[in-house]
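**Student:** Sharing a structure below in structure tokens format, with a few things to ask.
Values in this text are rule-based calculations from the coordinates and carry no lab data. What you see is a predicted model, and the numbers here were worked out from it, not measured in a lab. Don't worry about glycine lacking a Cβ; one is built from the backbone with ideal geometry, like all the others, and counts go over all protein chains shown.
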Amino acid sequence: EAGVAQSPRYKIIEKRQSVAFWCNPISGHATLYWYQQILGQGPKLLIQFQNNGVVDDSQLPKDRFSAERLKGVDSTLKIQPAKLEDSAVYLCASSFGSSYNEQFFGPGTRLTVL
Amino acid sequence: AQSVTQPDIHITVSEGASLELRCNYSYGATPYLFWYVQSPGQGLQLLLKYFSGDTLVQGIKGFEAEFKRSQSSFNLRKPSVHWSDAAEYFCAVGVDQAGTALIFGKGTTLSVSS
């Protein structure tokens, strides 16, 4: 079975520019997560979707970050405008169902903000 | 607030030697407990999980972990380390909040010497 796909794998931008990341979860997985992993730290949740509805976005910096999951499948995470401290790996994960199941992670997008 | 502590940032083990990675959590009840491994340039892979029942759980690649409620710990062990085990290891907990996202520790980097 195909895993979680993410693109691009790498992105370098200047501060104050905008950037978007794309995620395609495993087919049939209703739950999708976006995590931010800063160098030297563990992943931290940004937003969780159940189908195309938001379950938890309490840690999403909503003044600059936005995310959507159209039709309950693919998802896009956007940053506008980017700051230096947004440099991190952005991980997308998906899981089957709404309870605690194994989360399958994509390879991530490494963002560098200069 | 819930938290996960991995006291060891970096551990070096000789190939063939045993391994124990420590994980402590802070949560009032028994959380859902996970160990993930992250190899360079790859996404996180689930090694094992504990939800309830037998406190010694077996995972993939010869890993096991033991849940100790009295110590709020969930340490990962392997009796004989292989060079391919070199990677970063993350302990994570799931708590009953708005969603089912995980709270990760900062990770332990494992190096294997020959």
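**Student:** How high is the relative contact order of chain A? Use alpha-carbon pairs under 8 Å, at least six apart in sequence, and give a whole percent.
**Tutor:** 37 percent
**Student:** Under a 5 Å amide H to amide H cut-off, with H placed in plane at 1.01 Å, what residues pair with A:V73 once short-range neighbours are removed?
**Tutor:** Amide H neighbours of A:V73: none.
**Student:** Over all distinct Cα pairs, what is the inverse of the mean 1/r for chain A, reported as the Kirkwood hydrodynamic radius in Å?
**Tutor:** 14.0 Å
**Student:** Moving to a separate point now. With just the Cα atoms defining each centre, how far is the stretch A:31-81 from the stretch B:8-64? Give it in Å.
**Tutor:** Answer, in whole Å: 25.
**Student:** Highest first, please rank the peptides A:16-24, B:79-87 by the mean number of other Cβ atoms sitting within 10 Å of their residues.
**Tutor:** Top of the packing list down: A:16-24, B:79-87.
**Student:** What average number of partner chain Cβ atoms lie no more than 10 Å from the Cβ of the residues making up A:42-54?
**Tutor:** Shielding by partners across A:42-54 averages 4.
**Student:** Tally Lys and Arg at +1 and Asp and Glu at -1 over the other residues with C-beta under 13 Å from the C-beta of A:V89: what net charge comes out?
**Tutor:** Cβ neighbours under 13 Å give a net charge of +2.
**Student:** Then there is this: With a cut-off of at most 12 other beta carbons within 10 Å, and DSSP calling the residue loop, which GluC sites (Glu not before Pro) in the stretch A:6-95 qualify? Please list them.
**Tutor:** Sites meeting the loop and neighbour criteria: A:E14.
**Student:** So for chain B, Kirkwood radius off the Cα pairs, Stokes-Einstein at 37 °C and 0.692 mPa s: how many µm² s⁻¹?
**Tutor:** Translational diffusion coefficient: 231 µm²/s.
**Student:** For an R0 of 45 angstrom, estimate the FRET efficiency from the Cβ-Cβ distance between B:R77 and A:K83 and round to the nearest 0.05.
**Tutor:** 0.65
**Student:** Work the Kirkwood hydrodynamic radius out for the protein assembly as shown: mean of 1/r over every pair of different alpha-carbon atoms, inverted, in Å.
**Tutor:** Result for the protein assembly as shown, one decimal place: 18.1 Å.
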